[in-house]
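Participant: Have a look at this one before I ask anything.
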Amino acid sequence: VVGGAIAADMALTAITRGAVHVEMIVLESYLEMPLTKDEKKHLLDMGIHFTNRTRITKIANEGDTLKGIYTKPVMLPQDTKFHPSLIVDEPLSTEQFRAFDMVVLAVGNRPGIKITDSSAFFCGDMANGPTTVVEAVAAGKNAALRLHAKLNNQSAPQIDKSTKSHTAISGWKKHPVALDTDFFGRTISSPFLLSAAPPTDGYEQMKKAYEAGWVGGIMKTAFDNLDIHIPGEYMFVFDDKTWANCDNVSDHPLDRVCEEIGRLVVEFPDRLTMASTGGPVTGDDEGDKAVWQANTQKLEQAGAMAIEYSLSCPQGGDGTHGDIVAQDAVLTAKIIDWVMQISKPDVPKLFKLTGAVTAIYPIISAVKETLDRYPDKKAGITLANTFPTLGFREGSGKWDEAVIVGMSGEGVLPISYLTLSRAGGRGVEISGNGGAMDYLGAANFLALGAGTVQFCTIAEKYGLGIIDELNSGLSHYLEYKGLKSVSELIGIAQPNSVTDFMDLHAQDKVSASDPDLCEHCGNCTRCPYLAISLDDKKIPVIDEDKCVGCSLCVQKCFAGALYMKPKSTK
Ligand SMILES: Cc1cc2nc3c(=O)[nH]c(=O)nc-3n(C[C@H](O)[C@H](O)[C@H](O)COP(=O)(O)O)c2cc1C
Ligand code: SF4
Ligand code: SF4
């Protein structure tokens with residue numbers, strides 16, 4: 001009875017406990033039910049029925065035994081916003097009896113009590129009614145602060161809104177370990193930077209990023225005298241944290257970027273204002289080289305504190321035979337050499353490579369060989385970029401339109417890890433990039449040898465304020481790992497960052513279940529080795545002869561009812 005979150009929990013509990021028919025009887029229409037679209041879909045997928053616009057008039061008992069309920073169809077007067085008090089019975093409607101074995105009144109609580117005693121402390125639903133967990137925690141923290149002040153005879157803290165908490169608990173340090181790190185001889189207060197992408201596409205974006213706390217950013221890739229083609233609408237959301245795009249360059253010319261850099265370096269002298277550019281690859285080496293060098297010099301004169309070159313645009317380029325520039329070691333080395341010939345020694349150059357290669361060694365070797373020819377000039381690589389993929393979208397041809405898109409975000413992360421694991425510790429400075437969606441992903445980049453980490457998708461998804469969490473998260477993680485600085489973390493996993501295949505443990509464990517925790521959903525019977533069946537009490541039974549110890553079932557059991565144990569000897 002009732003169609004909110006508590007009723008949904010009840011219904012799900014009933015169906016997972018084995019009820020043969022579960023029905024939510026609700027005053028609201030399907031659309032009005034106070035649940036999200038996904039929650040409603042989940043309930044329907046689980047086989048729960050909704051009976052909307054219906055009220056219960058009576059619960060029918062015979063002695064102590066429940067027999068069922070009487071219901072009546074109801075309606076909401078036209079042009080009225082739903083409120084239970086506005087619901088009226090449908091004209092001429094009659095009561096209908098429905099047999100049920102159990103009726104659960106799942107009515108949410110709202111606080112009706114007014115507590116005026118200043119020595120009563122309460123929070124969560126008691127204070128604010130059923131809100132989110134985050135707000136309940138904030139309310140709890142505020143109550144604790146008031147209680148603490150009271151016990152210490154201090155004046156009560158000023159709390160503007162009980163569902164928000166902006167006060168740091170005393171003794172809690174936001175940054176227990178300082179995040180200062182080195183970027184080619186310049187100290188920056190965090191290793192986290194914004195990569196060349198929409199969040200850095202202009203003065204306004206960079207200013208906003210700096211105000212949010214980012215220590216540096218690479219302005220989106222720009223060129224001069226180029227017909228800009230940005231098929232911006234070809235954005236793909238592969239999943240919640242994995243996106244893909246066709247948006248490789250800024251639609252602002254390099255001249256505008258230079259003017260904006262000039263302003264940013266004056267207004268934010270302590271930040272790392274960097275730029276991204278490139279040049280043509282047409283096969284006319286002299287002509288191409290002149291443009292790469294001219295763009296470099298223009299940005300250096302504008303005051304760019306470092307310059308990145310995208311050699312890894314997922315759609316490839318002219319003169320690359322359809323490949324990505326950085327898939328070709330010889331071409332990559334040639335372009336790097338053009339830039340390094342005229343590079344101002346103290347303006348670092350970053351060459352942005354791709355992870356979409358069979359092996360990164362030949363590319364890194366070619367880069368290193370070239371950079372070693374310029375020992376007095378600062379330079380390194382960005383590893384990597386988006387990963388080239390194919391996306392389908394509805395088109396007018398015989399089949400859907402297939403588009404090459406650069407995949408970014410979480411899906412790229414393990415690819416970037418693998419590439420970095422092979423490239424780190426080889427004497428080339430690395431700025432890590434590609435897929436980090438939290439501080440842990442970024443910490444792994446640093447451990448594999450990156451000196452800084454660049455982000456794009458995380459800032460697009462959560463907003464620029466996410467830098468606060470990234471910095472605080474990394475700082476606490478360093479403390480947890482017993483590391484005293486970012487430099488202690490950089491490269492800590494190298495040189496043997498990857499466990500050799502033959503050194504991986506052979507199978508010596510099997511799955512086992514804890515019947516007390518089991519919720520009897522049966523998901524674990526999908527074991528791909530057919531090693532799990534349910535007994536007559538719906539408790540999993542594991543056939544140790546069939547179980548190969550892959551641990552999939554343990555990782556998938558939402559109730560934590562499965563675990564791995566040493567294989568028993570017979
Ligand atoms: C919409 C969009 C536009 C991008 N534009 C550029 C660009 O102009 N130049 C560039 O070098 N990289 C560009 N990138 C790639 C990002 O800088 C970054 O390398 C990539 O998204 C991987 O990092 P992430 O997983 O943190 O997003 C773009 C990425 C996105 C999502
Ligand atoms: S062990 Fe886990 S997955 Fe298997 S039936 Fe019980 S709750 Fe479901
Ligand atoms: S560990 Fe793997 S093989 Fe063994 S029961 Fe679980 S899913 Fe099946």
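Participant: With every protein chain left in place, what is the accessible area per residue of the chain in square angstrom, probe 1.4 Å?
Facilitator: 54 Å²
Participant: Express in nm, to one decimal, how much length is gained between LEU86 and LYS164 on full extension, taking 0.36 nm for each residue of separation and deducting their alpha carbon distance.
Facilitator: 24.8 nm
Participant: Students often check this: by mean Cβ neighbours within 10 Å, which of 172-178, 67-73, 362-368 ranks highest, and how do the rest follow?
Facilitator: Highest mean packing first, the order is 362-368, 67-73, 172-178.
Participant: For PHE392, what is the net charge nearby, where nearby means another residue's Cβ is under 10 Å from its Cβ and Lys, Arg count +1, Asp, Glu -1?
Facilitator: -2
Participant: Take the Cα of GLU488, step 7 Å along the line toward its Cβ, and report every residue of region 159-182 whose backbone nitrogen sits under 12 Å from that point.
Facilitator: Answer for this model: 177-178.
Participant: So, one more: Using a 1.4 Å probe over the heavy atoms of the protein chains, calculate the carbon and sulfur portion of the accessible area of the chain as a whole percent.
Facilitator: 53 percent
Participant: Want the number for PHE100 to ASP64: 0.36 nm per residue separation, take away the alpha-carbon distance, what's left?
Facilitator: In short, 11.6 nm is gained.
Participant: Please report how far the C-alpha centroid of region 380-398 lies from that of region 260-308, rounded to the nearest whole angstrom.
Facilitator: First find each Cα centre; the distance between them is then 26 Å.
Participant: Still on this structure, I have one more. In degrees from 0 to 90, rounded to the nearest 10, what is the angle of the helix 285-302 Cα long axis to the longest principal axis of the chain?
Facilitator: 70 degrees
Participant: Same structure, new question: Post the alpha-carbon centroid distance, region 173-192 to region 37-74, in whole angstrom.
Facilitator: 58 Å
Participant: Scaled to the compact-protein estimate 2.2 N^0.38 Å, what is the alpha-carbon radius of gyration of region 505-566, rounded to two decimal places?
Facilitator: 1.00
Participant: Here is a follow-up. If amide H atoms are built 1.01 Å from N in the plane of the peptide, which residues on other chains or at least 5 residues away come under 5 Å of the amide H of LEU272?
Facilitator: Result for LEU272 returns GLY216, GLY217.
Participant: Now a separate question. If I model a spin label at PHE122 and GLN297 as a point 7 Å from the Cα along the Cα→Cβ vector, what separation in nanometres do I get?
Facilitator: 7.6 nm
Participant: Note down the net charge around LYS289, summing +1 for each Lys or Arg and -1 for each Asp or Glu among other residues with Cβ under 11 Å from its Cβ.
Facilitator: -4
Participant: For the ranges 450-458, 375-383, 489-497, what's the packing order if you count other beta-carbon atoms within 10 Å of each residue, average per peptide, and put the highest first?
Facilitator: Per-residue Cβ counts within 10 Å, averaged per peptide and sorted highest first, yield 450-458, 375-383, 489-497.
Participant: From largest to smallest, what semi-axes in whole angstrom does the chain give when each is the square root of 5 times an eigenvalue of its alpha carbon gyration tensor?
Facilitator: Each semi-axis is the square root of five times an eigenvalue, giving 54, 31, 28 Å.
Participant: Divide by every residue of the chain the summed helix terms, -39500 (n - 2.57) for each DSSP H run of at least 4, and state the resulting mean residue ellipticity at 222 nm, rounded to the nearest 500 deg cm²/dmol.
Facilitator: So the helix-based figure for the chain works out to -8500 deg cm²/dmol.
Participant: Excluding residues fewer than 8 places away in the same chain, name every one of the aspartates and glutamates whose C-alpha is closer than 17 Å to that of LYS556.
Facilitator: Correct list for LYS556: ASP514, GLU519.
Participant: Could I ask something else about it? Compare the peptides 155-168, 49-62, 129-142 by average per-residue count of other Cβ atoms within 10 angstrom and give them in order, highest first.
Facilitator: 129-142, 49-62, 155-168
Participant: Looking at the chain, which Cys residues are left with no other cysteine's beta carbon under 4.7 Å from theirs?
Facilitator: CYS123, CYS246, CYS258, CYS313, CYS456, CYS518, CYS521, CYS527, CYS547, CYS550, CYS557
Participant: Helix 203-212 against the longest principal axis of the chain: what's the angle in degrees, Cα atoms only, rounded to the nearest 10?
Facilitator: The helix 203-212 is inclined about 60 degrees to the chain.
Participant: Pairs LYS40/LYS509; LYS81/LYS161; LYS537/LYS565: which are spaced more than 30 Å apart, C-alpha to C-alpha?
Facilitator: LYS40/LYS509
Participant: With a sphere of radius 13 Å drawn around the Cβ of THR200, what net charge do the other residues whose Cβ falls strictly inside it have (Lys, Arg +1; Asp, Glu -1)?
Facilitator: Taking every Cβ under 13 Å from that of THR200, the sum is -2.
Participant: From the square roots a ≥ b ≥ c of the eigenvalues of the alpha-carbon gyration tensor of region 24-110, which class results: rounded (a/c under 1.5), prolate (a/b over b/c), or oblate?
Facilitator: Note, shape of region 24-110 comes out oblate.
Participant: If you don't mind, another one. Cα axis of helix 413-423 to longest principal axis of the chain: angle in degrees, 0 to 90, nearest 10?
Facilitator: Approximately 30 degrees, to the nearest 10.
The values are calculated or read from the model by the stated rules, or taken from the named source; none is laboratory data. Quantities reported herein were computed from a predicted structural model and do not represent experimental measurements. We place every Cβ from the backbone using ideal geometry, glycine too, and count neighbours over all the protein chains shown. Note: accessible area is taken over every heavy atom of the protein model, side chains too, but ligands, DNA and RNA are not part of it. Shrake-Rupley method; radii C 1.70, N 1.55, O 1.52, S 1.80 Å.
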